[in-house]
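Just below is one structure, and these are the notes that go with it.
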Amino acid sequence: MNFKPLKTEDLQLMHDMTLKILSETGAIVEGEEARDILLTAGCSKENGRLLFPVKLVEDSLGDPVSVTLYGVDENIVLPLTDAPRSYTHNFGSVSVLLDPESDRVREASVNDLVDFIKISDSLSHLDMVVPSLRPTDLPEEIASLAMPAYTLQYTSKPVDIGTASDVWETRYIIKLAAAIRGGLDKLVEKPMGTLSISPLSPLNFPADITGAIIESARSGLPVTMLPCPTRGLTAPITLAGGLVQQNAEQLAFLTLVRLVNRKTPLVYTCRLAAANMRTGFVGGKDPDQGYAGACVAQLASYYGLPSAVYGLDSGSVIPDIQSGYERAMNALYPMMAGATLVSGMGLLNGGLLASAEQLIIDDEIYSMLAHRQHGVEVNRDTIGAEVVRSVMDGGNYLAQEHTRDYLRKGEIHNGKLGNDAPYEEWFAAGGRSVREEARDRMQVIINQHQGKVVDESVSKELHSILEEAKAEKTR
Amino acid sequence: MSEITGDLAKAVLEGKKDETMRLVRKGIDSGVDPLDLITRGLTVGLDKVGEKFEEGEYYLPDMMLAAEAMGEAIDFLEPHLKADKETKKDKVVKVVIGTVKGDLHSIGKDIVIMMMKAAGMEIHDLGVDVPSEKFVLAVKENNADILGISALMTTTIQEQKKVIDLLADEGIRDRVKVIVGGAPLSEEWALKVGADAYAADAIVGIKKMKALLGQEG
């Protein structure tokens, strides 16, 4: 697809203004080691911030490293650089979910997390499993590490290794993923996902975050640079200003990573949201999320980096009509612009609420969005003038090999959810909504999907790493 | 005099800080009672801002700009006020507020602070990354009516419970109303950690605070 909202001169101006912000306003960078690295490389101090010289940033952008992810099963390969299509993943780190039975929100448990991983593993349009639910029935110290620990055990797909918010967390997330892969060397060679790190906006890298960045960069594992600014609150209210500020956050992040380890692969990831300007709440009811994602796909590609952006999201708190139209809109723009990774499956209310039914419905939405991602194949055979001739001569289309063959190739979308039967038939079959269909499918998946069964020895190793992490944290 | 207070109300209503400051300086220079500048000018403007916000015409930036204009004008006028306001000060609602340890997010808290200032409350902002002990100490020192505890990340909301537990350990839990805020939170969470109230946004927050103190919402 070829939707390009930004013109070449727009990209150039955005790049120039990014360098201006970094070299004249600078960023707050805490943490002695990060400051030493940047100051040695030519940054200077002003007003308590570090200024990034234009040349340093431009040098850091040179020779981007290509990124390829592998499933927990190494046969599954996702080439993020020059990806043939947009890949998808679910939401991450949500601690409350919409209970399908009661339709009320409740806190997530370990069992919920395992169910969500199984569902994610089973869905054919979900490419990468992100540790989704943060269980509240585990000791607080290890709840964030438990997310990747369980996720790695129940899927064979690529897994987002985890969100790193300090050095301790980074070390243990890497340890967990290395245990699954059979060693750090093998993990670096065939990473199953990235380490995600979020600076604060505007342009603020606290000590724990720079610690996590340096530790991650050293490991050589792919790193997801994940600024999450909100237009009007923590970034300029204009879409152009928000994009440029987050671009400055990306490039400051990138500069630090590349000074530590030039071989570390990077993913340009943006979560640019807008707030409700009466309440200040960031609830996800924002058609610009998708449009911003399309712009980010262009910016990332300008730097030769794969992009990861918001996709399916909505302000709604239940899988309803609002959720349907907002998600389709927000995912369509970035997919048309060729974003590498599109997120949000199973997510409601701007990232605050998870829903298993929504996760299953999203698989259907993506299957429809992906259906024409490659556009239309136009050649003599697809046009089929001969077929028209033979039908006009007294045949019928159903009895043509052309029809059968292209049907098998997927020329007409064949979905798993939703109604297309006439009313009487729909009513006779129980008159069920797509949400009820999704709920039934959810039960089938939870009861029947085998997924990956991890070796008991590996499972034990992961749990002993969690215990070790807990002991170190509480010491 | 009525002309200058009217202009002052209008300047606050429109969020014009420079114009507000020009007018208060002019008022003082021409001998207008500073209390009149506040009660008949600035406050009238800010009340009108509140009305427009309630009616849906004004948004957060309108509030913020008006509150900033008013705040700077009050700072300028304060030394000119006679010292007879001390007794009145006891009746002002005192709030201690901050973001928990390990969490550096401030924007949500700052919006709440702005709304509380506009509602005439006295604010003691402890900033971000605030340890539990500091919250408790500030509640004691300021004899706070309300303690606001903010946390944005699923990894830091647990700190809210620590603060509330420490208030109980120190035997002052009953002396202060505790309200928690932050995007990952819920009413259920507020009850679980022993807070008095939870608010999803600043507007609801102000209403709940007033309700807790038995004032009109």
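Which value, in debye to the nearest 20, gives the size of the charge dipole of the range A:8-61 about its Cα centre, when Lys and Arg are +1 and Asp and Glu are -1 at the Cβ? Let's see the in-between values first.
Details: 5 positive and 11 negative charges, 34 e Å.
Value, rounded to 20: 160 debye.
Per residue, what volume in Å³ does the convex hull of the Cα atoms of the range A:68-371 enclose?
Roughly 118 Å³ of hull volume per residue.
In nanometres, what is the gap between the two model label sites at A:Q450 and B:D47, each 7 Å from Cα along Cα-to-Cβ?
Each label point lies 7 Å from its Cα, and together they span 7.5 nm.
Contour minus end-to-end for A:F427 and A:N261, with contour as 0.36 nm per residue of separation and end-to-end as the Cα-Cα distance? Show your work: numbers first, answer last.
On the way: separation 166, 0.36 × 166 = 59.76 nm, distance 6.15 nm.
Length gained between A:F427 and A:N261: 53.6 nm.
With charges only on Cβ, +1 for K and R and -1 for D and E, what is the dipole size of chain B about its Cα centre, in debye, rounded to 20?
320 debye
Calculate the FRET efficiency for B:D18 and A:E58 from the Cβ-Cβ distance with a Förster distance of 41 Å, rounded to the nearest 0.05.
Efficiency, from the Cβ-Cβ distance: 0.55.
Of the listed peptides B:146-154, A:374-382, A:305-313, what is their order by residue-averaged count of other C-beta atoms within 10 Å, with the highest listed first?
Descending mean neighbour count gives A:305-313, B:146-154, A:374-382.
What list of whole percents do you get for P(r) of the protein assembly as shown, with Cα-Cα distances grouped in 20 Å bins up to the one holding the largest distance?
Binned Cα distances yield the sequence 16, 46, 29, 7, 1, 0.
Across the range B:2-80, how many lysine pairs separated by 8 or more positions, or lying on different chains, have Cα atoms within less than 15 Å?
4
Under 8 Å for C-alpha pairs, at least 6 residues apart: give me the relative contact order for the range A:1-125, rounded to a whole percent.
13 percent
Find how many whole Å separate the alpha carbon centroid of the range B:103-132 from the alpha carbon centroid of the range A:7-79.
Using only Cα atoms to place each centre, the spacing works out to 32 Å.
For chain A, what does -39500 (n - 2.57) per DSSP helix run (n ≥ 4), summed and divided by total residues, give at 222 nm, in deg cm²/dmol to the nearest 500?
-14500 deg cm²/dmol
Average partner chain C-beta neighbours within 10 Å, per residue of B:153-160?
Rounded to a whole number, the mean comes out at 4.
Can you work out the base-10 log of I(q)/I(0) for the range A:8-61 at q = 0.27 1/Å, using the Debye formula on its C-alpha atoms alone?
Rounded to two decimals, the profile gives -1.05.
Could you work out the relative contact order of chain B, using alpha carbon pairs under 8 angstrom and six or more residues apart, expressed as a whole percent? Before the final figure, lay out the partial values.
Numbers: 338 pairs, mean separation 33.6, N = 217.
Taking the mean separation of contacting Cα pairs over the length of chain B, I get 15 percent.
Taking neighbour counts of Cβ atoms within 10 Å as a proxy for exposure, in what order, fewest first, do B:V193, A:V65 appear?
In increasing order of surrounding Cβ atoms, one gets A:V65, B:V193.
Taking the mean number of other Cβ atoms within 10 Å as a proxy for protection, how do you rank A:419-432, A:44-57 from highest to lowest?
Order by mean packing, descending: A:44-57, A:419-432.
Under a cut-off of 13 Å between alpha-carbon atoms, report the aspartates and glutamates in cross-link reach of B:K94, not counting same-chain residues fewer than 8 places apart.
Cross-link targets: B:E122, B:D125, B:E141, B:D145.
I want the antiparallel fraction of DSSP beta bridges within chain A, as a percent rounded to 5.
Beta bridges within chain A, antiparallel portion: roughly 35 percent.
Translational diffusion coefficient, Stokes-Einstein: compute it for the range B:2-80 using the Kirkwood radius over C-alpha pairs as Rh, at 20 °C and 1.002 mPa s, and state it as an integer in µm² s⁻¹.
178 µm²/s
Taking 45 Å as R0, compute the FRET efficiency from the Cβ-Cβ separation of A:E436 and B:K192 and round it to 0.05.
The computed FRET efficiency comes out at 0.90.
I need the phi-derived Karplus couplings for the range A:113-128: 6.51 cos²θ - 1.76 cosθ + 1.60, θ = phi - 60°, integer Hz, Gly and Pro marked x.
Residue by residue, the range A:113-128 yields 4, 4, 4, 5, 5, 4, 4, 4, 5, 7, 7, 6, 9, 9, 8, 10 Hz.
Extension gain A:E377-A:N419, at 0.36 nm per residue separation less the Cα-Cα distance, in nm?
Here the answer is 12.3 nm.
Less than 29 Å apart at the alpha-carbon level, and either on another chain or at least 8 residues along: which lysines does that give for A:K470?
In chain and number order, the partners are A:K118, A:K157, A:K175, A:K186, A:K190, A:K452, A:K460, B:K101, B:K134, B:K161, B:K162, B:K192.
Please arrange A:D362, A:D455, A:D286 by how many other C-beta atoms lie within 10 Å of their C-beta, fewest to most. Intermediate results must be reported in sequence, preceding the final value.
Details: A:D362 30, A:D455 10, A:D286 24.
Sorted ascending by nearby Cβ count, the order is A:D455, A:D286, A:D362.
Distance between the C-alpha centers of the range A:190-232 and the range A:323-398? Whole Å please.
32 Å
Using alpha-carbon pairs under 8 Å, 6+ residues apart, how would you state the relative contact order of chain A in percent?
Relative contact order for chain A comes out at 18 percent.
Write down the Kirkwood hydrodynamic radius of the range A:232-283, to one decimal in angstroms, obtained as one divided by the mean of 1/r over all alpha carbon pairs.
12.6 Å
Taking the radius of gyration and the Kirkwood hydrodynamic radius from Cα positions alone, what is the Rg/Rh ratio for the range B:92-212, to two decimal places? Don't skip to the answer; put the middle values down first.
Details: Rg = 12.4 Å, Rh = 13.7 Å.
Rounded to two decimals, Rg/Rh equals 0.91.
Using the crude model of +1 on Lys and Arg Cβ and -1 on Asp and Glu Cβ, and no other charge, please compute the dipole size for the range B:92-212 relative to its Cα centre, in debye to 20.
240 debye
All of the numbers you see were taken from the coordinates with simple rules; none came from a lab. No experiment lies behind these values; they were computed from the predicted model shown. Cβ coordinates were reconstructed from backbone atoms using ideal geometry, including for glycine residues, and neighbour counts include every protein chain displayed.
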